[in-house]
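Values quoted throughout were computed directly from the atomic coordinates according to the rules given, and no laboratory measurement underlies them. Not measured: the values here are computed from a predicted model. In this analysis, Cβ positions are derived from the backbone assuming ideal geometry, glycine residues included, and neighbour counts consider all displayed protein chains.
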Amino acid sequence: MRLLVVEDDDTIRDFLTRALSESGFRIDACALASEAEALAVEGVHDAMIIDLTLPDLDGLQLIQRLRAQGVTAPVLILSARRSVDERVLGLESGGDDYLTKPFAVAELLARLRALLRRSSAHQPETTRLRVADLELDLIRREARRGDLELVLTQQEFALLEYLCRNAGRVVTRAMVLDHVWKMRIDTSTNIVDVHIHRLRNKVDREAVRPLIRTMRGVGYVLKD
Amino acid sequence: MFSRISGSFYRTAAWRLTLRSTIVFAAGSAAVFAVMFVLVAQAVRERSDSWLIGESETLKQVTLSTPEDSLHDRIVEEVAELATQEVGYDAAGHKSSNNIVFFVQTSAHQPPLWVGPGDSADFLEALDRQHLQERTPVSLKVAGWSFPFRVVAADMSPGSRVYLGLHDSQATTLLSRLLLRFILGWLAMVGIGFFIALLGLRRMLHRVDAITTAAANIGTGDLSSRVAAGTQNDEVARLARTFNNMLDRISASVNQLRTLTDSVAHDLKSPITSVRGTLEVALSAEDENFSRELVASAIENLDRLSNVITTSLDLAEAEGGALRLHVEMIDLAELSSRVFELYAPAFTERGQSFEVSVAPVVRAEVDLRLYTRLLTNLMENELRYAGEAACIRVTLDADDTRVRLCVSDNGPGFPPTLLGNLFQRFARGSESQGHGLGMAFVSAVAQAHQGSATARNNNGAQIVVEIPLRYSPLNHAGESAPAAFQEAFG
């Protein structure tokens, strides 16, 4: 997977390059819209990460120009602007997703993967999820841990499903709120922790090997 | 006095206003004096005119009643002489050589009978020039005399007339003296008026200068400067009071700003300090697990910091009226239920009970993101302050026009000192660990939706948020944005 990162801030560009390289992506990074345009039109990138405030051209205009030149790779917009206006404008201009600074690398990776999945051939809908001895039936909304049937509320099932779908990958609190409760909010309280704690009590209590782990400072991960 | 006044004085408002008012005063008083003088002159003239008319009648009678013989002219002449001498004395009985009277009797077939000074020819010529009505005194200019005579005519028989003329020098003198005194009086009045106006205005404007000085002090950073308003209630005193009030408000705002910067310093610098310190320790830690732990805690602090900044910015926008609402028709009942579900376990975990009463469907036009944060702010407020084992009650209902969201608890309630300014920025109780922005945000969002947020203590804390079901975008510039999108992107 090859990514194009367009970001004028050296610190952020370097850390993006490092973080994404470590996750197995090949990175082309540049600071100017003109360089980005030259690189993007080659059509070799699977996705692009574009910052909105560039010294030579507004990021939105860059996206519009790339789209006009037939560049179809999905674009993840980075911006310090938080308003809904900006988000809408960004998506209207041809961006595919929008992430405001500051962001967690885990969330950046998750969104990037989602974009890449969306652009590749449609995967068949799964009806069952399985991680180690945890098994979810998405149609009947039932969960089992080994032989034990888990009695979960709707919310708990949705939360567990989200963790399973991202098994092995870190999800942040903001991502959980966004995907499970459909709320794009920041919270300084431990509100998500409470739900995770309750879910863990049901999923991991009887088990020898706990599946749901807390990555302090980042979020949670469900893995074997 | 004027020599001591500097040149800049002539550019002052006091000088200009004094000059203007003096000119107006001078013109007005001059008009009054002129009218008075004309009235006096008329009265004086009337006195001499009535004498002329009466005397001319007497002479006419004498002339008519005297037989037309050789003595006729002599008798008339005598009477006329007497008449002329009658006014020839001033009030004190002295001979007044300045009063001059002439008498002429004309007739068709006789030479005119003349009693008077000098040559009669000039007088007769002047009388011929002007036709006189009987008993109507007129002023007559006579060649050789610098002043006009008042002349009256009396008809006897056809072609025969009696003229009596008078130059009342006493009256003329009186009038000219009067005129002189009037002018002097007028000048004195104007002069005194000028100085009174100048002094009064200077005193008044001196007080304005005091305000200017106070304002100048503020320019140099001294906000404690105030103007002495005095006990009067005139314009300048009101200006001074208004100015002082303005200063009070400004210094209150500045103090608020100071509090704000203190809070920012505390809310931002504390986490930054702790992040920096934590990372430093992590850098030098030998144990990898320990350093991981430290880094994680640094990230958590950064998240908190980021949250404060986001809330501050949102609040600044909301309070500044710069929030661009993206209203959409939303079922608040469904949204609220989702939020309540999210928070319910947290309440339970703290031993708090959480009762929710939500109307089945409450559709209203709100900004989803802002309204959600309003709800979460209210929930987090309850989590923090309702106290252990408190019962939290939330109701959401609506009538035809408004949504009413009521969050109440049976906890300790708001501290009385906080209740008045609960919805102000950085209002927080002494026990609070929040950043003091949450409630201000709730109020700002309610107001941005043309609604309101109110708080009171009712056996615990109670907050009521009311917003209209329909958002009317009147006077809301933010609503033009979506239209602009559609234009730009079809």
Original post:
Using the beta-carbon distance between B:ILE250 and B:VAL35 and R0 = 45 Å, what value does 1/(1 + (r/R0)^6) give for FRET efficiency, to the nearest 0.05?
Top reply: 0.20
Subject >> Charge context of A:LEU4, other residues only, Cβ under 11 angstrom, K/R +1, D/E -1 >> reply: -4
Original post:
If the chain between B:PHE195 and B:LEU239 were fully stretched, how many nm would it gain, using 0.36 nm times the residue separation less the Cα-Cα distance?
Top reply: 13.3 nm
Original post:
Taking Cα pairs under 8 Å and at least six residues apart, what relative contact order does segment A:128-222 come out at, in percent?
Top reply: 25
Subject >> C-alpha long axis of helix A:10-22 to longest principal axis of chain A, angle in ° >> reply: 50
Subject >> Under-5 Å amide H pairs with A:VAL5, H placed in peptide plane, nonlocal only >> reply: A:ASP28, A:ALA29, A:CYS30, A:ILE49
Subject >> Cβ charges +1 (Lys, Arg) and -1 (Asp, Glu), total dipole of segment A:73-189, debye >> reply: 260
Original post:
How many Å³ per residue does the convex hull of the Cα positions in the protein assembly as shown occupy?
Top reply: 361
Subject >> Charge sum, other residues only, whose C-beta stays under 15 Å from A:ASP133's C-beta, Lys/Arg counted +1 and Asp/Glu -1 >> reply: 0
Original post:
Considering the dipole of the protein assembly as shown built from charges on the beta carbon (Lys and Arg +1, Asp and Glu -1) around the Cα centre, which of B:LEU374, B:PRO67, B:GLY28 is farthest to its positive end?
Top reply: B:LEU374
**OP:** Give me the angle, in degrees from 0 to 90, between the Cα long axis of helix A:154-165 and the longest principal axis of the Cα atoms of chain A, rounded to the nearest 10.
**Re:** 60
**OP:** Identify, among B:SER253, B:GLY420, B:ASN307, the residue whose Cα sits farthest towards the positive end of the charge dipole of chain B, taking +1 on the Cβ of Lys and Arg and -1 on the Cβ of Asp and Glu, with the dipole about the Cα centre.
**Re:** B:SER253
**OP:** Kindly provide the helix-only [θ] at 222 nm of chain A, computed as the sum of -39,500 (n - 2.57) over DSSP H runs of four or more divided by all residues, to the nearest 500 deg cm²/dmol?
**Re:** -12000 deg cm²/dmol
Original post:
Which entries of A:LYS101/A:LYS182; B:LYS60/B:LYS141; A:LYS223/B:LYS269; A:LYS182/A:LYS223 show an alpha-carbon separation above 29 angstrom in the structure shown?
Top reply: A:LYS223/B:LYS269
**OP:** Averaging sequence separations of C-alpha pairs under 8 Å and six or more residues apart, then dividing by the length of segment B:235-319, give the relative contact order as a whole percent.
**Re:** 26
Original post:
Quick one: if the Förster radius is 41 Å, what FRET efficiency do A:ASP147 and B:ALA285 give, using the C-beta to C-beta distance and rounding to 0.05?
Top reply: 0.40
**OP:** Evaluate E = 1/(1 + (r/R0)^6) for A:SER21 and A:GLN61, where r is the Cβ-Cβ distance and R0 equals 41 Å; express this FRET efficiency to the nearest 0.05.
**Re:** 0.90
**OP:** With a point put 7 Å past each Cα toward its Cβ, work out how far A:ASP8 is from B:SER176 in nm, to one decimal.
**Re:** 9.4
Original post:
So what's the back-of-envelope 222 nm ellipticity for chain B, counting only DSSP H runs of four-plus at -39500 (n - 2.57) apiece and dividing by all residues, rounded to 500?
Top reply: -19000 deg cm²/dmol
Original post:
How large is ³J(HN,Hα) for each residue in segment A:99-111, as worked out from phi by the Karplus curve 6.51 cos²θ - 1.76 cosθ + 1.60 (θ = phi - 60°), to whole Hz, x for Gly and Pro?
Top reply: 10, 9, 7, x, 9, 8, 4, 4, 5, 4, 5, 4, 5
**OP:** Rank A:ARG209, A:ARG144, A:ARG173 by mean-square fluctuation in a GNM of chain A with C-alpha springs under 10 angstrom and give only the top-ranked residue.
**Re:** A:ARG209
Subject >> Debye, to nearest 20: dipole size of segment B:134-246, +1 on Lys, Arg Cβ, -1 on Asp, Glu Cβ >> reply: 120
Subject >> Alpha-carbon Rg/Rh ratio, for chain B, with Rh computed the Kirkwood way >> reply: 1.50
Subject >> Convex hull volume per residue in cubic angstrom - Cα atoms of segment B:264-416 >> reply: 173
Original post:
What is the extension gain from A:MET1 to A:ASP137, computed as 0.36 nm multiplied by their sequence separation minus the C-alpha to C-alpha distance, in nm to one decimal?
Top reply: 45.8 nm
Subject >> Length-normalised contact order for chain B - Cα pairs under 8 Å, 6+ apart - percent >> reply: 9
Subject >> Cα Rg over Rh - segment A:1-158, Kirkwood >> reply: 1.09
Original post:
When the chain is fully extended, how far beyond the present Cα-Cα distance does B:ASP222 get from B:LEU19, taking 0.36 nm per residue of separation?
Top reply: 69.4 nm
Subject >> Point-to-point label distance, A:ARG209-B:ILE309, nm (Cα→Cβ direction, 7 Å offset) >> reply: 4.1
Original post:
Considering the zone a paramagnetic label at A:ASP224 would reach in this model (a point 7 Å from Cα along the Cα-to-Cβ line), which residues of segment A:164-202 have amide N under 12 Å from it?
Top reply: A:168
Original post:
Out of residues 5 or more away from B:ASP168 or on other chains, whose amide H comes under 5 Å of its own, with H placed 1.01 Å from N in the peptide plane?
Top reply: B:ARG150
Original post:
So, in nm, how far is label A:SER34 from label B:ASN459 when the simple model puts each one 7 Å beyond its Cα toward the Cβ?
Top reply: 7.3
